């Protein structure tokens, strides 16, 4: 962890909201000090640097940020390999067992609360794992990557901050705990609700009313314009002075923009390419 | 064929820590729960030092969960000395080059600190990369998060329906109505890094400059990114005004200072700005028509007035319908109408406000709900502080 945070600290004018000095932020990994840089640094700046480093290490050791951060060791950056040929069979066995347990749990009133929903969640996840396994097998990707890059694909046990790792669809079965909703839950719009199904329903509805939208716009525009025209003609206004006459022309400026927008909107909807394939 | 990698890059000052936390968690959550996404991922949080120090525990927690927190060093400078968000974006470009990630199989999905993703977003990204039809993709943004039905929130609904116009324009040669996004867009890393974000001084709308440069260098390589992104609107009318003002500053900056803008494109961008400017005089003239008599001229203009009115009203109705499956809070029709009018008036005034103000790096827009007291009164710009 310390190695990750090593490197020279620039003199920073940062301060906390209460005015007390804060340690400078971490330097990016690419800006770490090289031996050549060390040679070029004056003794005075080295002393200052060492003192700052001591101060920083002291800060690191203080329980300021909670538990230590996991290191970025090479084992952290695992790569995908070919799935085991027996994986599917094992998944099927596990799924059958989970389904059996869920069925038995429904008959037994003595089963601890939550076990049944947990078993259903397991069953659901196993089903997904089978589907993803099939997907991985159909995709032939070469495994060539630049060195030094940490591929942060989280493992099944890596933490997801402040939120339960539960599929929203599964959570319809599992009991909901509002206290797990994360820090200061928003009044509306939780990201767990943003599913492909909901998206497809939205864009499909938009597609389905495309013609009504188009013709409705034309009809309403024509109707309003006709009324305005009627009122104007009926008023029998005199021809205005020329400087006054240019004022209404300002209304005409955005007409091409709106016309292009109307045409573009319907062109996108007509192409009908917004829906996504569902699971 | 190499397995693609998507870098989910959140670029922000970082002071809206709760919003950014939710954004990062949405990425992590849906990466685990979206089946059949055909890419690896990296989650980068590119923030300014003051943002990091506003909530270090949040960033450390996210880092433990798999995100990589990149604090832009205060001393970092680009060759042309750009400032603001473009500087942070350029820093991320430099990091990608250093790590060997500026390659055709790496893609960058750009997010603001309040750009949450859903299952559909990830499925759309996967689909876009798989299709290989374009190098840059942008999609529709909804604003359901923390939606309260305030005037600025009602006004935001219209942007989602307008995104259909944006997508069409963006995919056409020349982008005739100047459509693009600063978030919810996907770009191939080598394309982004070859174009970069560096420009002289402060570019208020760095996304517009980026789109101009990509188009100038690669041509019409833009496609539609399916799937929504989910954001939140400005909480107050003042914030809405500052946001829109910044957009107009960006348009003016592009028209007046962007040397890479071809003449034809410069005219279309200028016309888009002019259309927006015309809104306020139109309202004034409409009110004045009660007293002044324009006479037979209205015979001509009234033919088009109906079309413009209907188009504007339709944006509210369809914008609301797009959001209807996501909003848990509803407002009465009269309130919706009044708030819509108030929100529209702010949009009408904003470009003119841009004429009498200067682009400011200190335009920090709170996105955390409820807004933190410190966020309401941000300090004046320091070296690293910027308007995002």
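The values are calculated or read from the model by the stated rules, or taken from the named source; none is laboratory data. In this text the structure is predicted, and so the values were computed from the model without any measurement. Cβ: placed from backbone, ideal geometry, glycine included. Neighbour counts: every protein chain shown.
Inspect the stretch B:59-71 for any residue being surrounded by fewer than 19 Cβ atoms within 10 Å (Cβ to Cβ), free of Cβ contacts under 8 Å to residues at least 24 places away in the same chain and more than 7 Å from chain A (Cβ to nearest Cβ) and give the result as yes or no. For the stretch B:59-71, residues surrounded by fewer than 19 Cβ atoms within 10 Å (Cβ to Cβ), free of Cβ contacts under 8 Å to residues at least 24 places away in the same chain and more than 7 Å from chain A (Cβ to nearest Cβ): absent.
Could you check the stretch A:248-279 and list, in sequence order, the residues that are part of a loop (DSSP other than H, G, I, E, B), at the interface with chain B (Cβ under 8 Å from one of its Cβ atoms) and closer than 30 Å to residue A:201 by Cβ? Result: A:273, A:274, A:275, A:276, A:277, A:279.
For residues in the stretch B:138-191 being free of Cβ contacts under 8 Å to residues at least 60 places away in the same chain, in contact with a helix residue (DSSP H, G or I) (Cβ under 6 Å, 6 or more places away or on another chain) and within 22 Å of residue B:86 (Cβ to Cβ), which is farthest from the other protein chains (Cβ to nearest Cβ)? The selected residue is B:180.
Against the condition in contact with a helix residue (DSSP H, G or I) (Cβ under 9 Å, 6 or more places away or on another chain), surrounded by fewer than 20 Cβ atoms within 10 Å (Cβ to Cβ) and assigned to a loop (DSSP other than H, G, I, E, B), how does residue B:338 come out, does it pass?
Numbers: in contact with a helix residue (DSSP H, G or I) (Cβ under 9 Å, 6 or more places away or on another chain): yes; surrounded by fewer than 20 Cβ atoms within 10 Å (Cβ to Cβ): yes; assigned to a loop (DSSP other than H, G, I, E, B): no.
Here the answer is no, as residue B:338 does not meet what is asked.
When residues in the stretch A:246-271 are screened for being within 30 Å of residue B:33 (Cα to Cα) and in contact with a helix residue (DSSP H, G or I) (Cβ under 6 Å, 6 or more places away or on another chain), 2 of them pass. Return yes or no: is residue B:45 more than 9 Å from chain A (Cβ to nearest Cβ) and touching a residue at least 60 places away in the same chain (Cβ under 8 Å)? No: the conditions fail for residue B:45.
Conditions tested, residue by residue: (1) more than 7 Å from chain A (Cβ to nearest Cβ); (2) without any contact (Cβ under 8 Å) to a residue 12 or more places away in the chain.
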position	(1), (2)
B:208	yes, no
B:226	no, no
B:231	yes, no
B:236	yes, no
B:246	yes, no
B:250	yes, no
B:261	yes, no
B:274	no, yes
B:307	no, yes
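Would you say residue A:245 is facing chain B (nearest Cβ under 7 Å), at pLDDT below 75 and exposed (fewer than 14 other Cβ atoms within 10 Å of the Cβ)? It is false that residue A:245 is facing chain B (nearest Cβ under 7 Å), at pLDDT below 75 and exposed (fewer than 14 other Cβ atoms within 10 Å of the Cβ). Residues of the stretch B:205-224 that are under 27 Å from residue B:27 (Cβ atoms) and part of a loop (DSSP other than H, G, I, E, B): B:205, B:221. Looking across the stretch A:217-240 at every residue that is under 10 Å from residue B:310 (Cα atoms) and more than 8 Å from every other protein chain (Cβ to nearest Cβ), the one that is surrounded by the fewest Cβ atoms within 10 Å (Cβ to Cβ) is identified as A:219.
Could you identify the single residue in B:118, B:84 that is more than 8 Å from chain A (Cβ to nearest Cβ) and in contact with a strand residue (DSSP E or B) (Cβ under 8 Å, 6 or more places away or on another chain)?
Details: B:118 fails: more than 8 Å from chain A (Cβ to nearest Cβ).
B:84 is the lone residue from the list that is more than 8 Å from chain A (Cβ to nearest Cβ) and in contact with a strand residue (DSSP E or B) (Cβ under 8 Å, 6 or more places away or on another chain).
Restricting the stretch B:135-149 to residues that are over 14 Å from the mean Cα position of the chain (by Cα) and surrounded by 21 or more Cβ atoms within 10 Å (Cβ to Cβ), which is nearest to residue B:218 (Cα to Cα)? Taking the candidates together, the pick is B:136.
Can you confirm whether residue B:227 is in a loop (DSSP other than H, G, I, E, B), buried (at least 20 other Cβ atoms within 10 Å of the Cβ) and on the phi > 0 side of the Ramachandran plot?
Details: in a loop (DSSP other than H, G, I, E, B): yes; buried (at least 20 other Cβ atoms within 10 Å of the Cβ): yes; on the phi > 0 side of the Ramachandran plot: yes.
Yes.
Please indicate, with yes or no, whether at least one residue in the stretch B:333-345 is closer than 16 Å to residue A:213 by Cβ and more than 10 Å from chain A (Cβ to nearest Cβ). No, the stretch B:333-345 contains no residue that is closer than 16 Å to residue A:213 by Cβ and more than 10 Å from chain A (Cβ to nearest Cβ).
Cβ separations smaller than 7 Å between residues 6+ apart or across chains give the following pairs from the stretch B:80-91 residues that are more than 17 Å from residue B:360 (Cβ to Cβ) to residues that are assigned to a helix (DSSP H, G or I): B:89/B:206.
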